[in-house]
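See below for the structure under consideration.
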């Protein structure tokens, strides 16, 4: 990086791109789906409610990454790789490592610390290795792996070869999914395709594609938005039912289709909540309460399974048939823990992230070195165990 780029970072101005309030509300809907599903998985057997919630999160992450990089380019005059990764570190890592620390301090027998700190939990699960005691953090690993590639994806999408790039990614991830379901059938009935990074490449990409249209000034008609919302309202229940029977091995013949459908459904959903034409749905998602829950969604996601695994007394409610009491206790504890995480950890680093970053702070590419070092060390660890096996 040149000194010129440092000066631009120091003189950041107010962003020209306006944030979409409904995106925060969409996060609230996605985290509600995940939490309700995990609260009583038996009650949702045959419905991939939580899985679809995670898919929506991935598409939002793709949208967010492109949006942030476009905003950075407008402010800095260029895409600064280390600047982007530093802001992602300040956003993702503090609360992530906080919940891992709490989990291990309260129960030293928690498993999988190495896979967690190297952001490779999903690959351990995909290779049918022992799971960590915080298995839901596999999705954070997938997001971190995506973020180290996001600036390169952004450049490809801004180049003259963007159409070829997008078509190639969409084709490749579908070919890989078809190949996996054809050749792989693990007797455990879990893991495999669902945890592979490439499985979600199209979800991140379509989120970025919608963001590209939006930041380029695309103005969908109200009729288009309403049609997209109606189509997504039909598509998601079908996907939730269809995907549930194709998530894990043994895979049915329609498994690749089930994995391919969430991406176009998320496109419909994202287009439907764009603020250009305010629909009833986007208005509801933009309400202060929905936006607050959406901002709290990351902490809620981090803590919710820890709450379920730690507070054993919660299960007594279900055993006694006290379903309402169970959900009240579960959501109350989760929201209390998320408040501590959000205000005690996230907010402090978010304020730091939103301040002007001084040039000397990223004079050396330590954000990229640190992030890649963790992920590569996780890959080396997996290669070692694979060779030993």
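The values are calculated or read from the model by the stated rules, or taken from the named source; none is laboratory data. A quick note: this is a predicted structure, and the numbers were derived from the prediction, not measured. Backbone-built Cβ (ideal geometry, glycine too); neighbour counts: all protein chains shown.
Among the residues of the stretch 259-288, those that are farther than 23 Å from residue 216 by Cα and at pLDDT 95 or above comprise 259, 260, 261, 262.
Among the residues of the stretch 1-26, write down those that are modelled with pLDDT of 85 or more and closer than 23 Å to residue 352 by Cα. Even if it seems obvious, please write down each step before you answer.
Restricting attention to the stretch 1-26, the residues satisfying the condition of being modelled with pLDDT of 85 or more are 21-26.
21, 23, 24 - these are the residues of the stretch 1-26 that are modelled with pLDDT of 85 or more and closer than 23 Å to residue 352 by Cα.
Okay, residues lined up against (1) more than 27 Å from residue 50 (Cβ to Cβ); (2) surrounded by 15 or more Cβ atoms within 10 Å (Cβ to Cβ):
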| site | (1), (2) |
| --- | --- |
| 148 | no, yes |
| 152 | yes, no |
| 166 | yes, yes |
| 177 | no, yes |
| 180 | no, yes |
| 200 | no, yes |
| 203 | no, yes |
| 221 | yes, no |
| 227 | yes, yes |
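Determine whether the stretch 242-254 contains at least one residue that is surrounded by fewer than 16 Cβ atoms within 10 Å (Cβ to Cβ), assigned to a helix (DSSP H, G or I) and at pLDDT below 95. Looking for residues that are surrounded by fewer than 16 Cβ atoms within 10 Å (Cβ to Cβ), assigned to a helix (DSSP H, G or I) and at pLDDT below 95, one finds none in the stretch 242-254, hence no.
Any residue at all in the stretch 280-297 that is surrounded by fewer than 17 Cβ atoms within 10 Å (Cβ to Cβ), within 30 Å of residue 167 (Cβ to Cβ) and out of contact with any strand residue (DSSP E or B) (no Cβ under 9 Å at 6 or more places or on another chain)? No: the stretch 280-297 contains no residue that is surrounded by fewer than 17 Cβ atoms within 10 Å (Cβ to Cβ), within 30 Å of residue 167 (Cβ to Cβ) and out of contact with any strand residue (DSSP E or B) (no Cβ under 9 Å at 6 or more places or on another chain).
With respect to residue 292, is the statement that it is closer than 16 Å to residue 31 by Cα and either free of Cβ contacts under 8 Å to residues at least 60 places away in the same chain or in a helix (DSSP H, G or I) (or both) true? Steps first, please.
Details: closer than 16 Å to residue 31 by Cα: yes; either free of Cβ contacts under 8 Å to residues at least 60 places away in the same chain or in a helix (DSSP H, G or I) (or both): yes.
Here the answer is yes, as residue 292 does meet what is asked.
Filtering the stretch 255-284 to residues that are touching a residue at least 12 places away in the same chain (Cβ under 8 Å) and outside any helix (DSSP H, G or I) leaves 261, 274, 275, 276, 277, 279.
Here residue 272 meets the list (1) on the phi < 0 side of the Ramachandran plot; (2) under 19 Å from the mean Cα position of the chain (by Cα); (3) crowded, with 21+ Cβ neighbours inside 10 Å almost entirely, failing just condition (2).
Please verify whether residue 214 is buried (at least 18 other Cβ atoms within 10 Å of the Cβ), assigned to a helix (DSSP H, G or I) and within 19 Å of the chain's Cα centre (by Cα), treating the condition exactly as stated.
no
Of all residues in the stretch 28-50, those that are surrounded by 16 or more Cβ atoms within 10 Å (Cβ to Cβ) have Cβ atoms under 8 Å from Cβ atoms of residues that are outside any helix (DSSP H, G or I), 6 or more apart or on another chain, in 37/47; 48/247.
Within the stretch 301-325, residues that are closer than 18 Å to residue 53 by Cα reach partners that are assigned to a loop (DSSP other than H, G, I, E, B) and modelled with pLDDT of 75 or more with beta carbons closer than 9 Å, at six or more positions or on different chains, in the pairs 302/134; 305/134.
Need at least 3 residues that are at pLDDT below 80 and exposed (fewer than 14 other Cβ atoms within 10 Å of the Cβ) per element, so show me which helices (runs of 4 or more DSSP H) inside the stretch 312-389 make the cut, counting only ones lying wholly within it.
Numbers: elements: 313-319, 323-341, 347-354, 366-388.
Output list reads 313-319, 366-388.
Just to verify a result, which residue in the stretch 94-114, among those that are free of Cβ contacts under 8 Å to residues at least 40 places away in the same chain and assigned to a helix (DSSP H, G or I), is farthest from residue 151 (Cα to Cα)? For the stretch 94-114, the residue satisfying everything is 105.
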